[in-house]
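Participant: I have a structure here, written as C-alpha cells, and I will follow up with some questions on it.
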Amino acid sequence: MLKIKQEPRPKGQKSVLGLTCKPIENIRVGIIGLGARGYRALNRLIRIEGVEIGALCDMTPKNIENAQNILRKNLLVAASSYIGENAWMQLCDRNDIDLVYICTDWQSHTQIAVYAMEHDKHASIEVPAAMTIEQCWQLVDTAERKQRHCIMLENCCYDFFELATLNMAQQGLFGEIMHTEGAYIHDLREKNFTRNLKSGFYDNWQRKFITNHTGNPYPTHGLGPICQIMNIHRGDKMNYLVSVSTKQAGLTQYAIEKFGEKSSEAMQKYNQGDMNTTIIKTEKGKTMMIQHDITSPRPYSRIHLISGTKGFAQKYPKVQIALSPNANKPLKQKELKSMLMEYEHPLVKMLGKSAVAICKERAMDYMMDSRLIYCLRNGLPLDQDVYDAAEWSSIVALSQISVLNNGEPVEIPDFTRGLWNELKELTFFTL
C-alpha cells in the first residue's frame, strides 16, 4: 500500500468537530466568481432571510454588470465590485464581510478559502474544495487555527431522494449499511469544447485540468451523500482506495468530429480516462464505489446506491427500494411513493415547497444555501465541516496516485487526526 503522510496537529491548534460560532443575525456575503454557478447562487441568496450581498468579484466586467442588474431588479442596494485576477483579495480584506462564497475554477478554491479564513471570514467553497493533499491540509489547519467554518457546497447532499435515504438509514430501515455507490456520469463534451463563454468554462479551465490529470477529478457529488449515510468521521473513516481508469477516447473522437482530425483540440493528448472507478475500504470493513465519466454519451447518473443487511435503495437509472424479506421484489410505485413520503426528511418538509417554487429542478441548491445561512444565524454546527471538505476532495489526488501506479492501494489520511469516532451521531440537520 502506498502511504500518504499523516500531518500532526500543530501545537495550540484545536479541532473544529461540531464547531459553533457566535450567531450572525444579518450575514454579509461576498461572492467570488460570477459565472454560471455564482450567478445562480446570487439569485438564490437574495431570496434568503438574513442575507445581505456586500461585495461581488469576477474576472469579467460583464459578469459583474449582470450580477448588479440582479440586485437592481430586486430593489436591493448595489454591492461593491472587484474586477481582475487578484481582486478577490481586496474583497476578503474588507472588515464588513462575514461569509465568502467561492464559485471560481477548481484550482483556485483552496487559495481563496484559506485567505478568507485568515482574514476571519467563514468560507463556503464550490466543489471540489481542494485538488491536492497539501491543499486539503491547508484548509483543515487554517479552519482549526482560526476557528472558522469552512464548508464545501455539495448540493447533492440536499437532493430530496438523498435526504430521504439518509433519514431511512439513520432510522435503521436498511439495517447495517455495508456498501454504497455514487458517481458523476455526465456528458460534458460539448461544454468542454465550446468557445461560448456563457455555456462553457472560463478559459476552458476544466479541459485544461483533465488534459494533465487522471483519476477522479470530481468525486464529491456521488461521494458526499453516501459518506453521510455511512457516518464517515462520525463513527467510521475511509482507510484506503484502489482506482483504475480506462484509456481516453471520448474527448479525442468528439474533437475530431467537431473540429477535424488535424485541429489543435483533436491533436491534444488528454490524460483523463473516459471512465474512472474508485473503490474505498472503511475502518469498519465496509466499501464504497465512486465513478467518474464526462466524456461518454451516457445519461446523467449519480448512482446513489445503498446496500444494507435489511434493505437496498438506488436513485439511478431507476428509483428503487427493496426490503428484507422480499428483497427480490422492489417496492411497486404506490408503495415506493408512500415510503418516500413517510421518510421525507424534516428539512424537505420545512423548505421543499419553497425551494421548488424558487429554483424548480435546482431546489437542492436553495436548500443547501438556506441551511448554511440558518446555521450561521443561529450559531449551529454546519451540516458539513472542513474535514468533510478535505476527506471528500482528497479523492481527487489519491485516485490519480492509484491510477498512475496501476491500481495500487493508496492510504487515505485521517484529516480529523484521530478524532473520527468522537461524533457518534451526525450533526447533520440540527433543526
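Coordinate-derived values only; no laboratory data. On a predicted model such as this, the values are computed, not experimentally measured, just so you know. Cβ atoms come from the backbone with ideal geometry, glycine included; neighbour counts cover every protein chain shown.
Participant: By count of other Cβ within 10 Å, fewest leading, how are T165, T277, T194 ordered?
Facilitator: T194, T277, T165
Participant: Compute the relative contact order of the chain as a whole-number percentage, counting only Cα pairs closer than 8 Å that sit 6 or more residues apart in sequence.
Facilitator: Worked out over the chain, it gives 23 percent.
Participant: Starting from the Cα gyration tensor of region 234-291, multiply each eigenvalue by 5, take the square root, and state the resulting semi-axes largest first in whole Å.
Facilitator: Semi-axis lengths for region 234-291 are 38, 8, 8 Å.
Participant: Can I ask one more? Scattering from the C-alpha atoms of region 33-166 alone, worked out with Debye: what is log10 I(q)/I(0) at q = 0.11, 0.18 1/Å?
Facilitator: Values returned for q = 0.11, 0.18 Å⁻¹ are -0.40, -1.04.
Participant: Hey, got the Cα dimensions of region 122-179 along the principal axes, in Å, largest first?
Facilitator: 39, 22, 22
Participant: Stretched out fully, how many nm does the piece from Q107 to T132 gain, at 0.36 nm a residue minus the Cα gap?
Facilitator: Working: separation 25, 0.36 × 25 = 9.00 nm, distance 0.92 nm.
That works out to 8.1 nm of additional length.
Participant: Once you have the Cα-Cα distance between N69 and D203, take 0.36 nm times their residue separation minus that, and quote the gain in nm to one decimal.
Facilitator: 45.8 nm
Participant: Something else now. At 1.567 mPa s and 4 °C, plugging the Kirkwood radius over alpha-carbon pairs of region 355-429 into Stokes-Einstein gives what diffusion coefficient in µm²/s?
Facilitator: Approximately 85 µm²/s, per Stokes-Einstein.
Participant: Can you give the local net charge around G30? Use residues other than it whose beta-carbon is closer than 11 angstrom to its beta-carbon, Lys and Arg +1, Asp and Glu -1.
Facilitator: Details: positive: R28, R94, K121; negative: E52, D93, D96, D98.
Net charge around G30: -1.
Participant: List L99, L423 from most exposed to least, where exposure is judged by having the fewest other Cβ atoms within 10 Å.
Facilitator: If I rank by nearby Cβ atoms, fewest first, I get L423, L99.
Participant: Another question, then. Given charges of +1 on the Cβ of Lys and Arg and -1 on the Cβ of Asp and Glu, with all other atoms neutral, how large is the dipole of the chain about its Cα centre, in debye to the nearest 20?
Facilitator: About 740 debye.
Participant: Work the Kirkwood hydrodynamic radius out for the chain: mean of 1/r over every pair of different alpha-carbon atoms, inverted, in Å.
Facilitator: Computed over the chain, the radius equals 22.3 Å.
Participant: Same structure, new question: Given Cβ point charges of +1 (Lys, Arg) and -1 (Asp, Glu) and nothing else, what value in debye, to the nearest 20, does the dipole of region 112-207 about its Cα centre take?
Facilitator: Here region 112-207 has a charge dipole of around 420 debye.
Participant: Given N residues in region 86-239, what is Rg(Cα) / (2.2 N^0.38 Å)? Intermediate values should be presented prior to the final figure.
Facilitator: Values: Rg = 17.6 Å, N = 154, 2.2 N^0.38 = 14.9 Å.
Relative to the rule-of-thumb radius for its length, region 86-239 sits at 1.18.
Participant: Just to check I understand the Karplus step: with θ = phi - 60° and J = 6.51 cos²θ - 1.76 cosθ + 1.60, what whole-Hz values come out for region 38-46, glycine and proline as x?
Facilitator: x, 5, 5, 4, 4, 4, 7, 4, 5
Participant: Pop a pseudo-label 7 angstrom from the Cα along the beta-carbon direction at both K62 and E342 and give the gap in nm to one decimal.
Facilitator: 5.3 nm
Participant: Using 7 Å Cα-to-Cβ label points, what is the E283/E49 separation (nm, one decimal)?
Facilitator: Those two pseudo-labels are separated by 4.0 nm.
Participant: Looking at region 336-431, which GluC sites (Glu not before Pro) are in a loop (DSSP not H, G, I, E or B) and have at most 13 other Cβ atoms within 10 Å?
Facilitator: E422, E425
Participant: If the viscosity is 1.002 mPa s and the temperature 20 °C, what translational diffusion coefficient in µm²/s does Stokes-Einstein give for region 1-106 when Rh comes from Kirkwood over Cα pairs?
Facilitator: Translational diffusion coefficient: 137 µm²/s.
Participant: While we're here: May I ask for the distance between the Cα centers of region 62-105 and region 261-312, given as a whole number of Å?
Facilitator: Distance between centres, Cα-based: 35 Å.
Participant: Sorted by average packing, counted as other Cβ atoms within 10 angstrom per residue and highest first, what order do 24-31, 68-75, 300-307, 395-402 take? Provide the component values of the computation, followed by the final result.
Facilitator: Details: 24-31: 18.9, 68-75: 12.5, 300-307: 20.4, 395-402: 24.8.
Result, highest mean Cβ count within 10 Å first: 395-402, 300-307, 24-31, 68-75.
Participant: Suppose each label sits 7 Å from its Cα in the direction of the beta carbon; what would the L2-K332 distance come out to in nanometres?
Facilitator: Going by the 7 Å Cα→Cβ label model, 5.2 nm.
Participant: Sticking with this structure for a sec: Checking the table K208/K360; K284/K349; K14/K121; K191/K258; K237/K349 against a 22 Å threshold on Cα-Cα, which pairs fail?
Facilitator: As for pairs spanning more than 22 Å Cα to Cα, those are K208/K360; K284/K349; K237/K349.
Participant: Order by neighbour count: W392, W420, fewest other Cβ atoms within 10 Å first, most last.
Facilitator: W420, W392
Participant: So if I restrict to the alpha-carbon atoms in region 269-382, what is the Rg, and what is Dmax, the biggest pairwise distance, in Å?
Facilitator: In order Rg, Dmax, the Cα atoms of region 269-382 give 18.2, 51 Å.
Participant: So what's region 212-329 giving for Cα Rg divided by 2.2 N^0.38 Å, two decimals?
Facilitator: Against the empirical 2.2 N^0.38 Å value, I get 1.33 for region 212-329.
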